[in-house]
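Each remark here refers to the structure printed beneath this line.
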């Protein structure tokens, strides 16, 4: 099978013009079919503040009421996505920016209200790879924003890490997939204060052990939960790294 | 040659949810390949106001400084475009929302500064129909936002009426094209106060005569200038109408 590389890049990278340029340069040097998935939460929060709208988060997840949905549609689907696409075009990448509604590539349902009403948040029900495969096979690079839709005309806010994992799983039927989570750290660290303490290989057992010992915590846990799930569902390789490590560095996740 | 219908819809329609739903319903009933082009100036002005940013216009054209570019990228490329696409998907249309950077379909140059510095405004240099034709032939409906790019990483603001005319001209090499300008009036009116005074056929000579007599004025003139130019450059048919007239009503422009 042909190889497909999916790179998820977080807000701290895409929201800094120099880091973004550096990332896109590294990204463009990856050979063969590839997909870019981006976040943008900090910019959404900043715009909300400028508009006098309060940002509410529960366990790191954004409460997306009607006004916040408007903001994330503008920031994720407009500002960040369109600018990444323009920058990729300028370095010779035939990019196409998508929300889940475009070509109906990502179907979701509005999250049912249980203890918390997350508002217009979408839980993924289907990644339509039959739409995306012909694109990546033609060297078109889909740039996926963290927005899905419900098929009834409603855009929904969906976590970018989750889209990356679900897209990688769905593509694994047709490609040998590698999913790279690119963030500001060189990998999963044994000591968060020591950037040289990258764990080169991380098994699910290691992850559980480090989690118990409090070595891995906070923001890394949902990312790693997502990743190990994707690994168990057919994704061939998952790495967690920073821009400099995009080609080969960082932490490689391993099944036990 | 196969027929292709391009519908340009103005801000007053896309910014009113009921009118937009009605438009999209009429649009979806058009058979065969089609393209939708939308504006959104009023929403951009409203967001600017909410953010405490002043909107400057010269002869009906927006001065697009750095802050205003951010706003139009969010509003045109995000909010309006993504919501139209989601709504089209909900009525069975395989829509794809584009800026000029997406698939590099619309190339432009930043308008040179003469008397007025329009800022980040793009003058169209090329419509890449070789990118768009395979899409419309597969019944994918491109939804074109009024944003182009310069190929050097810069998104630019480009008038939607102009994009509609230039796209229609470019498609005329491959399709029998009909361009429909859909706005709030049933057509070009002899008396702006009388909605039943639609001029059914309008030649370039009539247009010049009416213009001299002050019967056609203000906002209609650049639209008609654009249209007669498109007609002379190979577009087969141009109509100016409202939602109700989308299928067959309004004013038909004629070469003399």
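Report the gain in length on full extension from residue B:237 to residue B:184: 0.36 nm times residue separation, minus Cα-Cα distance, nm rounded to one decimal.
Here the answer is 17.1 nm.
Over the alpha carbons of the stretch A:3-181, what is the largest minus smallest coordinate on each principal axis, giving the biggest first in Å?
43, 35, 26
Which distance in nm do the two modelled labels at residue B:123 and residue A:255 give, with both placed 7 Å along the Cα-to-Cβ direction?
Each label point is offset 7 Å from its Cα along the Cβ direction, giving 6.0 nm.
What distance in nm lies between label points placed 7 Å from Cα along the C-beta direction at residue A:114 and residue B:152?
Using points 7 Å along Cα→Cβ, the separation is 5.3 nm.
Can you tell me the FRET efficiency between residue A:61 and residue A:22 if r is taken as the Cβ-Cβ distance and R0 is 51 Å, rounded to the nearest 0.05? Let's see the in-between values first.
Numbers: r = 29 Å, r/R0 = 0.56.
Using R0 = 51 Å, I get an efficiency of 0.95.
As an exercise, use a Förster radius of 56 Å and the Cβ-Cβ distance of residue B:137 and residue A:51 to find the FRET efficiency, rounded to the nearest 0.05.
The calculated FRET efficiency here is 0.85.
I need to check one value: relative contact order of the stretch B:5-97, counting alpha carbon pairs closer than 8 Å and at least 6 residues apart, in percent.
Values: 81 pairs, mean separation 27.0, N = 93.
Computed over the stretch B:5-97, the figure is 29 percent.
Helix-derived [θ] at 222 nm for chain B: sum -39500 (n - 2.57) over DSSP H runs of at least 4, divide by residue count, nearest 500?
Values: 9 runs with 88 residues, N = 256.
When only DSSP H runs of four or more count, the value is -10000 deg cm²/dmol.
Counting only C-alpha contacts under 8 Å and six or more residues apart, can you give the relative contact order of chain A as a whole percent?
The normalised contact order for chain A reaches 22 percent.
What is the average number of partner chain Cβ atoms found within 10 Å of a Cβ in B:26-35? Numbers along the way, then the final one.
On the way: counts 0, 0, 0, 0, 0, 0, 0, 0, 0, 0.
Mean partner shielding for this stretch: 0.
Which value does Rg/Rh take for the protein assembly as shown over its C-alpha atoms, Rh per Kirkwood?
Reported Rg/Rh (Cα atoms, Kirkwood Rh): 1.01.
Could you pull the Cα extents of the stretch B:126-226 along its three principal axes, largest to smallest, in whole Å?
44, 30, 24
Any chance you could tell me what percent of the C-alpha pair distances in the stretch B:118-163 go past 17 Å?
40
Arranged by the count of other C-beta atoms within 10 angstrom, fewest first, what order do B:185, B:68 take?
The order, fewest Cβ neighbours first, is B:185, B:68.
On the rotation axis linking copies A and B, which residue of A comes nearest by its Cβ, and by how many whole Å?
Nearest to the symmetry axis by Cβ: A:78, 1.
Measure off 7 Å from each Cα along the Cα-to-Cβ vector at residue A:176 and residue A:244, then give the distance between these two points in nanometres to one decimal.
Label at residue A:176, label at residue A:244, 2.9 nm between them.
Residue A:109 label points, 7 Å along Cα→Cβ, one per copy: pairwise distances from this copy to the rest in nm, shortest first?
In ascending order, 5.5 nm.
Any read-out appearing in this document is the output of simple, stated calculations on the displayed coordinates, not a laboratory observation. The structure displayed is predicted, hence computed values, not measured ones. Cβ: placed from backbone, ideal geometry, glycine included. Neighbour counts: every protein chain shown.
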